[in-house]
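**Student:** Before we start, here is the structure in question, set down as structure tokens.
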Number of protein chains: 2
Amino acid sequence: MRPATSHDVARLAGVSQPTVSRALRDDPRVSRDTIARVRAAAASLGYVPSSRGRSLSTRATGQVAVVVGELDNPFYMEALEHLYGRLEADGLRLVALTDPPERSSLTVERLLDGAVDGAIVMTTLLGSDLPGQLAARGLPTVLLNRAIDDELVDTVECDNRQGAGLAAAELLALGHREIAAIFGPATTSTGRDREAAFREVLAAGGVPLAEARIRRGPFTHEFGRQALGELLAGAPADARRGDGAARAAGAGSAAARPTAVFCANDVLAIGALNGAKGAGVAVPEQLTVVGFDDIGMAAWELYDLSTVRQPLAEMAATAVRLLSERIADPSLSPRRQRLPAELVRRGSHRAAPAAR
Amino acid sequence: MRPATSHDVARLAGVSQPTVSRALRDDPRVSRDTIARVRAAAASLGYVPSSRGRSLSTRATGQVAVVVGELDNPFYMEALEHLYGRLEADGLRLVALTDPPERSSLTVERLLDGAVDGAIVMTTLLGSDLPGQLAARGLPTVLLNRAIDDELVDTVECDNRQGAGLAAAELLALGHREIAAIFGPATTSTGRDREAAFREVLAAGGVPLAEARIRRGPFTHEFGRQALGELLAGAPADARRGDGAARAAGAGSAAARPTAVFCANDVLAIGALNGAKGAGVAVPEQLTVVGFDDIGMAAWELYDLSTVRQPLAEMAATAVRLLSERIADPSLSPRRQRLPAELVRRGSHRAAPAAR
DNA sequence: GCCGAGCATACATACGTATGCACACGGCGT
DNA sequence: ACGCCGTGTGCATACGTATGTATGCTCGGC
């Protein structure tokens, strides 16, 4: 019992297959009468048009790939949620794709095999040639939340430098001098830009960030948790996980315990909050924590995380708009949109203990 | 500049299109020589086989739909993660689909339009006819984590009754007598089964659950948060959100504050933990909280949630195995797998204050 | 009564790949 | 020298839909 095709419907309704195709799309050239007959036949056979046949014929799929990192990262999930709604409003379907770096060639193939009309990529690394490859092959592509230095494709991000500057200024204004930071990978534009701006504003305020007060690693909960433990223990910057000797040696050279820590995203910050709880350090009484993104969880009572809000809904809307425009007209030259960030003051930060 | 097709490759390599098709799949009937020539031509053109053309011809797509609820629910995300890996091992691709109940007809069409070879459905409601429809149309389907009463399709779930019984027994053993519960929707098998077993075991232990101590609602963080607030305030069971009069009246008839609350899943439990923090009630000193699922977040220090562990990795593996088997042989009769749950004792529960 | 206009439908074909089958070629055995 | 077989390739076609074009029909106008 194979699924019914438009030919089956045509036979039952006593018309030709093309007429079925037109009737179901309410083509004005088909008479009311025939439309009704075709619809009845289709319903009685439980006919569902084949998406493969259709897309083969029209060269369009109505699907858009969204390339994200780990699926269990709430930031990506919120982004997907926003994108889903926006794409749907444009009649497009979202296909989520994760991008394991070790086989990005597979990802490229999957994007270029005709299964999607366009791509929104959220995992771009700074040196990645994926955007270039996609653009060269004519696949409409938008980078979201991550940028590359070349202007090859459309890009939507928030102003990471401005946002990180807000966090730094807030810490300075609250009198913090013993400041630490958990940054993201330097291979990403978000990691690089947030770090650079945060350090610049601190330095301009006369409180340069010491290397020993910096941890740099993946945007994961576990790294935030571990990094905060190291910072509290005063482990030196070059102490790597599992290197017990270096860590022990570093403990002796510990500077004063930081009174504030900036985390380059909320996932790291929430990891840090959990790490603080594990280390018995009270937030905000003993430690100020500030994140970046303002994911939904940040507002939950147990975190109550002060953070730099990224306008994710607008960013998603913009990304979808740029993509739709480019699908409609692939010859557009690359555009870049940068939206402003905003500081959200909640309960995880307060004035430094020593501040007068 | 349109993407290259196998015809283009054939022309360049000086062979016929079918030979290209065979050469790229390393068909033994094609000579080493020709394979090399075809590969070179394909590479130089940047040829990527069209998934549409291929699937139209083979009637298979290598794609499996996974129907989940809200994307921001960490339980679904973890499930997707597990499923993704297992499907990949079987050479299958995962396509995530959310299922807005108000247009489940759209979901059905999307599943039957030939874009996927099978479906894993995690959102089934008890009375849903979606599984039946899919099965009737011959789409290999597996229900995961949710069951329906009819044996129409393959089903994989954990033993929700046994698991909820473990939680109830633990609370009784710890001397809790003032017990409350936040249950899931009665329209789901998980909601129904966990509630029924929890109540049965409590009743058998001589501590029947009072209706006023029960809240029943969606499996969301927000509902868990709100429900815990109501339970702490002693709001009556029939007090509905926004019904201020009923709530005020109920406050007078409040029984003793509960010493323990069971939540039908971890998302609700974490909502409850946040609600408790918001209400200034300490966990576990003043309130024991037990969840269900053991999602990754449950182990984070700030939650440290005691919960009933669902063997999600095994469930996912089983679901994929059943689906693969059914894709290979659609005539199999429906099977049902039920895996045991396990109590995970962490810091969110302890003996009742009054327990001797 | 004939012709043109306009409407409804059918015919032919394209989209890109996979596969059953036929066919050409060369080597070997007798 | 002839026929057989195995090997490598091409030919024809199928998959399901959409669309450009041709065709048949009806109706109105003169």
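Readers should treat all values here as calculations from the given coordinates under stated rules, not as data from a laboratory. These numbers come from a predicted model, not from an experiment. Positions of Cβ are backbone-derived with ideal geometry, glycine not excepted, and every protein chain shown enters the neighbour counts.
**Student:** Could you please state, rounded to a whole Å, how far the C-alpha centre of segment B:272-309 is from the C-alpha centre of segment A:279-356?
**Tutor:** Between the Cα centre of segment B:272-309 and that of segment A:279-356, the gap is 26 Å.
**Student:** Packing-wise, with mean Cβ within 10 Å as the measure, how do B:18-30, A:13-25 rank, highest first? Write down the numbers at each step before the final one.
**Tutor:** Numbers: B:18-30: 15.6, A:13-25: 17.5.
So the order, starting with the most tightly packed, is A:13-25, B:18-30.
**Student:** Here's a follow-up. Taking θ as phi - 60°, what are the ³J(HN,Hα) couplings along segment B:155-168 by the Karplus curve (6.51, -1.76, 1.60), each to the nearest whole Hz, with x for Gly and Pro?
**Tutor:** For segment B:155-168, the Karplus curve yields 9, 10, 8, 8, 7, 5, 5, 4, x, 5, x, 4, 5, 4 Hz.
**Student:** Would you mind checking which residues have amide H under 5 Å from residue B:93's amide H? H placed 1.01 Å from N; only 5 or more apart, or other chain.
**Tutor:** For residue B:93, the qualifying residues are B:63, B:64.
**Student:** Explain nothing, just the number: relative contact order of chain A, from Cα pairs under 8 Å at least 6 residues apart, as a whole percent.
**Tutor:** Averaging sequence separation for qualifying contacts and normalising by length gives 16 percent for chain A.
**Student:** Please work out the Kirkwood hydrodynamic radius for chain A, using every pair of different C-alpha atoms, and report it in angstroms with one decimal place.
**Tutor:** Here the Kirkwood hydrodynamic radius works out to 22.9 Å.
**Student:** A further question on this structure: So which residue, out of B:332, B:112, B:97, gets the largest mean-square fluctuation from a GNM of chain B using Cα contacts under 10 Å as springs?
**Tutor:** Taking springs between Cα atoms under 10 Å, the residue moving most is B:332.
**Student:** Then there is this: Step through the residues of segment A:312-328 one at a time and calculate ³J(HN,Hα) from phi using the Karplus curve (6.51 cos²θ - 1.76 cosθ + 1.60, θ = phi - 60°), rounding each to whole Hz and writing x for Gly and Pro.
**Tutor:** Karplus-based 3J(HN,Hα) across segment A:312-328 equals 5, 4, 5, 4, 5, 4, 5, 4, 5, 5, 4, 5, 4, 4, 6, 5, 5 Hz.
**Student:** Now a separate question. Measuring nothing but label to label, 7 Å from Cα along Cα→Cβ, what are residue B:204's distances to the other copies in nm, shortest first?
**Tutor:** 6.9
**Student:** Now, a different point. Segment B:104-146 to segment A:1-46: how many Å between their Cα centroids?
**Tutor:** The two parts, judged by their Cα centres, are 25 Å apart.
**Student:** Have a look at A:211, A:200, A:178 and tell me which one the Gaussian network model of chain A (Cα, springs below 10 Å) gives the largest fluctuation.
**Tutor:** Result: A:211 has the largest fluctuation of those listed.
**Student:** Something else about it: Averaged over every viewing direction, what's the projected area of the C-alpha convex hull for segment B:96-189? Give it in nm², one decimal, please.
**Tutor:** Orientation-averaged projected area of the Cα hull: 7.3 nm².
**Student:** Tell me which residues come under 5 Å, amide H to amide H, from residue B:141 once H is placed; ignore anything under 5 positions away on its chain.
**Tutor:** B:119, B:154
**Student:** Enter the mean number of other protein chain beta carbons within 10 Å of the beta carbon of each residue in A:290-298, as an integer.
**Tutor:** Working: counts 0, 0, 0, 0, 0, 1, 3, 6, 0.
Counting Cβ atoms of other protein chains within 10 Å of each residue's Cβ and averaging gives 1.
**Student:** Also, I was wondering about something else. Kindly write out, for segment B:301-306 in residue order, the coupling ³J(HN,Hα) from the Karplus curve 6.51 cos²θ - 1.76 cosθ + 1.60 (θ = phi - 60°), rounded to whole Hz, with x marking Gly and Pro.
**Tutor:** Each residue's phi maps through the Karplus curve to give 3, 5, 9, 6, 7, 6 Hz.
**Student:** Still on this structure, please answer the following. Against the 2.2 N^0.38 Å scaling, with N counting residues, where does segment A:301-356 land? I'd like the Cα-based Rg ratio to two decimal places.
**Tutor:** 1.85
**Student:** So for chain A, taking the charge dipole from beta-carbon charges (+1 Lys/Arg, -1 Asp/Glu), which of A:207, A:64, A:24 sits furthest toward the positive end?
**Tutor:** Value computed over the given set: A:24.
**Student:** Then there is this: Cβ under 13 Å from residue B:87's Cβ, residue B:87 left aside: what net charge do those residues give with Lys, Arg +1 and Asp, Glu -1?
**Tutor:** Around residue B:87, the surrounding residues sum to -1.
**Student:** Ratio of Rg to Rh for segment B:6-49, alpha carbon only, Kirkwood?
**Tutor:** 0.90
**Student:** Using the beta-carbon distance between residue B:331 and residue B:58 and R0 = 22 Å, what value does 1/(1 + (r/R0)^6) give for FRET efficiency, to the nearest 0.05?
**Tutor:** 0.65
**Student:** Okay, next question. Could you order peptides A:73-79, B:54-60, A:272-278 by the average number of other Cβ atoms within 10 Å of their residues, highest first?
**Tutor:** Result, highest mean first: A:272-278, A:73-79, B:54-60.
**Student:** State, to one decimal in nm², a quarter of the convex hull surface area for the C-alpha atoms of the protein assembly as shown, i.e. the direction-averaged projected area.
**Tutor:** 38.3
**Student:** State to the nearest 20 debye the size of the charge dipole of chain A about its Cα centre, where the only charges are +1 on K and R beta carbons and -1 on D and E beta carbons. The partial results should precede the final answer.
**Tutor:** On the way: 41 positive and 42 negative charges, 137 e Å.
In debye, rounded to 20, chain A gives about 660.
**Student:** Please list, ordered by chain and number, the residues whose modelled amide H lies under 5 Å from the amide H of residue B:216; skip anything fewer than 5 residues away on the same chain.
**Tutor:** Correct list: B:183.
**Student:** At 222 nm, what helix-only mean residue ellipticity would chain B give, in deg cm²/dmol to the nearest 500, using -39500 (n - 2.57) for each DSSP H run of four or more?
**Tutor:** My calculation for chain B gives -13500 deg cm²/dmol from helical runs alone.
**Student:** Out of B:319, B:40, B:164, any idea which swings most in a Gaussian network model of chain B, alpha carbons joined below 10 Å?
**Tutor:** Ranking B:319, B:40, B:164 by mean-square fluctuation puts B:40 first.
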